[in-house]
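> Take a look at the following structure, please.
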Amino acid sequence: MPTALITGASAGIGAEFAAQLAEDGYDLVLVARRADRLESLGASLTNRFGVVVLVVAADLSLPGAPISIQERVAEAGMEIDYLVNNAGASGPDLIRDRDWDEHEAFFRLMMTSVAHMCHLFIPDMQRRGFGRVINVASVAGLIALSGSANYGPVKRYVVGLSEELNIMVAGDGVHVTALCPGFTHTEFHDVAGLTQVKSRMPKLLWYDAAVVVREGRQAVESGKSVQVSGSLYRLLVPMLKFRPVQRIANRVGRRR
Ligand SMILES: NC(=O)c1ccc[n+]([C@@H]2O[C@H](COP(=O)([O-])OP(=O)(O)OC[C@H]3O[C@@H](n4cnc5c(N)ncnc54)[C@H](OP(=O)(O)O)[C@@H]3O)[C@@H](O)[C@H]2O)c1
């Protein structure tokens, strides 16, 4: 059986990746901090699809997390064919939030752990001549809009990392894709305390995680290095690269 490792699998986009990959027959390694959630998702997927599930509770904002995940995978005798680096949060504001440790923890969760997981798991994929890696970025990583000066820039790193890796390892049968969703129905905005902002946004800007995941999986199969998810965002992102359109979007954003 092929095996997929998904970070941030206890909710939202990660849980949807787990469900879709289990349905396609992948055994799973599910990673997040809330082990209880992972256990109950894993039990239900084993029940429905007969797949083997390993739960690894880990906080990816801590420096040792990727190594300890790799050790647990090796102890279980599993090999990873499909890696989804998805765990994430909205994070602090670079200027307003004055605790630097909080920023460093955010950078580890959003950038360092993604690079470290690629560093640890891609070489075995190359050796076996097959691998799929999806790094969940965001449309915020493709355009400069007024935000926290943290979230957009870290997602930009994830896009750049994926593009370069995809060029480097494609010849070894390994595809790397940065999946860039726009607003997606998950727990993300509630965790960030932005539930009210969400309710004020036009409904057409919101996509279901099932669509995002399906498009990401298709993109990685076809070897695309960057996939913007959602037809509306595929239209909007090129427009938002023009400064006058950016200025309007920023003005509207500030009014919210
Ligand atoms: N929702 C959107 O509108 C949207 C748009 C663009 C991009 N994204 C990106 O999509 C990815 C998934 O987010 P989501 O929307 O599915 O949000 P979500 O429903 O809040 O899920 C976030 C997941 O990340 C995990 N996580 C958070 N901090 C972690 C940590 N320190 N260590 C390990 N796991 C951690 C959470 O698990 P625990 O709390 O159990 O650890 C949870 O499983 C993120 O990278 C996000 O930036 C989301």
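> Please label the shape of the range 125-256 as rounded, prolate or oblate, based on the square roots a ≥ b ≥ c of the eigenvalues of the alpha-carbon gyration tensor (a/c under 1.5 means rounded; beyond that, a/b larger than b/c means prolate, else oblate). Write out the running numbers ahead of the final one.
Values: a/c = 2.24, a/b = 1.81, b/c = 1.24.
In terms of gyration-tensor shape, prolate.
> Search the structure for amide H atoms under 5 Å from the amide H of LEU54, placed 1.01 Å from N in the peptide plane, and list their residues when 5 or more places away or on another chain.
HN-HN under 5 Å from LEU54: LEU28, VAL29, LEU30.
> If you don't mind, there's one more thing I want to ask. Taking the Cα-to-Cβ direction at ASP93 and at THR195 and moving 7 Å from each Cα, how far apart do the two end points lie in nm?
Each label point lies 7 Å from its Cα, and together they span 2.1 nm.
> Sticking with this one: When the solvent-accessible surface of protein heavy atoms is calculated with a 1.4 angstrom probe, in what order do ASP59, ASP81, ASP190 fall, highest first? Write down the numbers at each step before the final one.
On the way: ASP59 50, ASP81 30, ASP190 80 Å².
These residues rank, largest area first, as ASP190, ASP59, ASP81.
> Another question, if that's okay. Along the charge dipole of the chain, pointing to its positive end and built from +1/-1 on Cβ of Lys, Arg, Asp and Glu, which listed residue (GLY8, HIS116, SER148) has its Cα farthest out?
Positive-end residue among those listed: SER148.
> Let me ask something else about it. Report MET110's accessible area, 1.4 Å probe, all protein chains in place, as a number in Å² to the nearest 10.
10 Å²
> Then there is this: Given a 1.4 angstrom probe, what's the average accessible area per residue across the chain, in square angstrom? If you can, show how the numbers build up before the last one.
Values: 12440 Å² over 256 residues.
Averaged over the residues of the chain, the accessible area is 49 Å².
> While we're here: Could you work out the relative contact order of the chain? I mean the mean sequence separation of Cα pairs under 8 Å and 6+ apart, divided by the number of residues, in percent.
On the way: 455 pairs, mean separation 44.5, N = 256.
About 17 percent, as a whole number.
> Give me the net charge for the shell around ASP190: Cβ to Cβ below 15 angstrom, other residues only, Lys and Arg +1, Asp and Glu -1. Could the numbers behind the result be given before it?
Details: positive: ARG34, ARG37, LYS198, ARG200; negative: GLU187.
Once all neighbours under 15 Å are counted, the net charge is +3.
> Just to verify a number: what accessible area does LYS155 come out at with the full protein assembly present, 1.4 Å probe, Å² rounded to tens?
About 10 Å², rounded to the nearest 10.
> With the Cα gyration tensor of the range 1-106 giving a ≥ b ≥ c as the square roots of its eigenvalues, does the rule (a/c under 1.5 for rounded; else a/b larger than b/c for prolate; else oblate) give rounded, prolate or oblate?
On the way: a/c = 2.61, a/b = 1.87, b/c = 1.39.
Verdict is prolate for the range 1-106.
> Ok, one more. For SER231, what accessible surface area do you get with a 1.4 Å probe? Give it in Å², rounded to 10.
Ignoring ligands and nucleic acids, SER231 comes out at about 80 Å².
> How much length, in nm to one decimal, is gained on full extension between ASN47 and LEU204, taken as 0.36 nm per residue of separation minus their Cα-Cα distance?
On the way: separation 157, 0.36 × 157 = 56.52 nm, distance 3.49 nm.
Answer, rounded to one decimal: 53.0 nm.
> In the chain, how does Rg compare with the Kirkwood Rh, expressed as the Rg/Rh ratio over alpha carbon atoms?
0.96
> Another question, if that's okay. Counting only protein heavy atoms, what percent of the accessible surface of the chain is carbon or sulfur at a 1.4 Å probe?
On the way: 6800 of 12440 Å².
Roughly 55 percent of what the probe reaches on the chain is carbon or sulfur.
> How much length is gained on full extension from SER40 to HIS103, taking 0.36 nm per residue of separation minus their Cα-Cα distance?
Result for the pair: 19.5 nm of gain on full extension.
> To continue, here is another question. What dipole magnitude, in Debye to the nearest 20, does the chain give about its Cα centre under +1 on Lys/Arg Cβ and -1 on Asp/Glu Cβ?
Values: 27 positive and 26 negative charges, 314 e Å.
Computed charge dipole of the chain: roughly 1500 debye.
> Rounded, prolate or oblate: which fits the range 98-181, taking a ≥ b ≥ c as square roots of the Cα gyration tensor eigenvalues, rounded meaning a/c under 1.5, else prolate when a/b beats b/c? Walk me through the numbers before you get to the answer.
Numbers: a/c = 3.61, a/b = 1.79, b/c = 2.02.
Cα axes put the range 98-181 in the oblate bin.
The values are calculated or read from the model by the stated rules, or taken from the named source; none is laboratory data. None of the values given here were measured: they were computed from a predicted structure. A quick note on method: Cβ atoms are made from the backbone with ideal geometry, for glycine too, and the neighbour counts reach across all protein chains shown. Remember, those area values only see protein heavy atoms, side chains included, never the ligands or the DNA or RNA. Shrake-Rupley method; radii C 1.70, N 1.55, O 1.52, S 1.80 Å.
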